[in-house]
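Asks: Got a structure for you, questions after.
The values are calculated or read from the model by the stated rules, or taken from the named source; none is laboratory data. Note that the structure is predicted; figures quoted are calculated from it, not measured. Cβ atoms come from the backbone with ideal geometry, glycine included; neighbour counts cover every protein chain shown.
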Amino acid sequence: MLKSSRSQQKLSWTIALRYLRATSRTVTGVGRLALLGLAISVAVLVIVISVVNGFERELRERVMALLPSIKVHHREVSRPQPLEPDAAAGIVGVALVVEGSVLLTANKKLKGAQLTGIDPANYSGVSAIAKFTQSGHLGILEERRFSVVLGSVLAEELGVGVGDTLRLILPTGPTTAAGPVPRQREMFIADIVDSSSQLDSLAVFTTRETALKLFRGAQNTKTHVRLDDLFTVAPALELLRSTYGEEVRIDTWMDTYGPLYQAIAVQKLTMLVLLSFLVAVAAFNLVSGLIMIVERRREDVAIMSTFGMQSDNIMQLFLVLGGSLAAAGICIGLALGVGLAWVIPIAFTTLSEGFGVELMSQYFIAYLPVDVRVVDLLTIAGTSMLLAVMAVVVPARRATKFEPSRILAHE
């Protein structure tokens, strides 16, 4: 007879592991099928969450690294009051620029673009654009007059490259008897910037002095500001208002990309919840598998009850069995999901290039990003395990309801 509660618990684990290692048709068939469904569900959840994480990371680390955190639009001021970085306000970089819309033409092709005149020496304080250029620096703009750094997509669409020239057309120009005539200027392409973002299809950079000459005015003068913490904007806005007054218009990154950033965060939570139902369905498939296992082990359960094993320990036996199957499925799913998450971007790029289709043309980046995070893997594993344990409680309780005398009477 089984007397010790501890010995009964040890026996429950021993029998559960023995059942798990068994090669009977019940375990290898139904159990493995339920395990496969759980693994696939977990893998899908890992992949989807990792892709959403990738978009969040690229928006924060790539797009927001290229664009200034704050833009101050000055009105009719050629040289506004200078502003220095201020640690107390969270401002780590400041650059005076000249911006305006232009047209670019080359090889009988015409494209619209945004021209930004910068000081190459200090613009790296507000944007990481230099590290995405072929030369690795923006000082190349000062080596030759009327030079530009062109976005890679613009260069490809216009059919030009480094060393070529293009014609830059400004919408405003002198007024003649026939009407206003757009100003034009031939520009030398000094470098190409390839950031794999929307910037490549819009951006043209030149020196600020050149931009002032092209626009012939200061109505396009702006101050670009880089923040140490993107989410701490209020101190910087207060400093900018006190410095420039109400005569300026101030745009923050939140005005442009804030809704998108929030949408990505909401989407991640939504996907986690919705796909957890998929995992729950797969986990509850363990119920049918375990019920069949319990039915096939009726005689074993009856014998253990006859020898004094308590109902709690019998229930523990099948909880361990079901939990072990679930844990195996979850681990396989995590490994499969992580592996596919790293392979999918490569396959995505290969397909895009193979078929010549820009599948990401509607997004702010030109590739499929993936970011596998340990905290998300732990969350997925914990949630899946909790759902699986809740599912296997039903068949485990069923095993405690057998009447040993009735079962053994037929043996």
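Condition check ((1) closer than 9 Å to VAL98 by Cβ; (2) at pLDDT 90 or above; (3) in contact with an Asp or Glu (Cβ under 6 Å, 6 or more places away or on another chain); (4) in a strand (DSSP E or B)) across all residues:
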position	(1), (2), (3), (4)
GLY217	no, no, no, no
HIS224	no, yes, no, yes
THR232	no, no, no, no
PRO235	no, yes, no, no
ARG241	no, no, no, no
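Asks: List the residue pairs whose Cβ atoms are under 8 Å apart, where the first residue sits in region 191-210 and is in a strand (DSSP E or B) and crowded, with 18+ Cβ neighbours inside 10 Å, the second is modelled with pLDDT under 90 and among the basic types (Lys, Arg), and the two are 6 or more positions apart or on different chains.
Replies: Between residues of region 191-210 that are in a strand (DSSP E or B) and crowded, with 18+ Cβ neighbours inside 10 Å and residues that are modelled with pLDDT under 90 and among the basic types (Lys, Arg), the close pairs are SER197/ARG62.
Asks: Shifting gears a bit: Which residues, counting only those in region 238-274, are β-branched (Val, Ile, Thr) and within 15 Å of THR223 (Cβ to Cβ)?
Replies: THR243, VAL248, ILE250, THR252
Asks: Go through region 40-91 and count every residue that is buried (at least 19 other Cβ atoms within 10 Å of the Cβ) and assigned to a strand (DSSP E or B).
Replies: 4
Asks: List every residue pair whose Cβ atoms sit under 7 Å apart, with the two residues 6 or more apart in sequence or on different chains, where the first one lies in region 149-175 and is among the acidic types (Asp, Glu) and the second, anywhere, is surrounded by fewer than 16 Cβ atoms within 10 Å (Cβ to Cβ) and at pLDDT 90 or above.
Replies: As it stands, the answer is GLU157/LYS109, since those pairs meet every condition given.
Asks: Within region 247-273, how many residues turn out to be of a type outside the set (A, V, I, L, M) and in a strand (DSSP E or B)?
Replies: Summing the residues that are of a type outside the set (A, V, I, L, M) and in a strand (DSSP E or B) in region 247-273 gives 3.
Asks: Contact list please: Cβ distance under 7 Å, first residue in region 343-360 and at pLDDT 70 or above, second residue not in a loop (DSSP other than H, G, I, E, B), pairs at least six apart or on different chains.
Replies: Taking only residues 6 or more apart or on different chains, the pairs are ILE344/ILE47.
Asks: Would you tally the residues in region 116-164 being under 14 Å from LEU67 (Cα atoms), assigned to a loop (DSSP other than H, G, I, E, B) and hydrophobic (A, V, I, L, M, F, W, C)?
Replies: Matching residues across region 116-164 total 2.
Table: residues versus (1) at pLDDT 90 or above; (2) surrounded by 21 or more Cβ atoms within 10 Å (Cβ to Cβ); (3) acidic (Asp, Glu); (4) within 23 Å of ILE169 (Cα to Cα).
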position: VAL97; (1), (2), (3), (4): yes, yes, no, yes
position: LEU110; (1), (2), (3), (4): yes, no, no, yes
position: GLN114; (1), (2), (3), (4): yes, no, no, yes
position: ASN122; (1), (2), (3), (4): no, no, no, no
position: VAL126; (1), (2), (3), (4): yes, yes, no, no
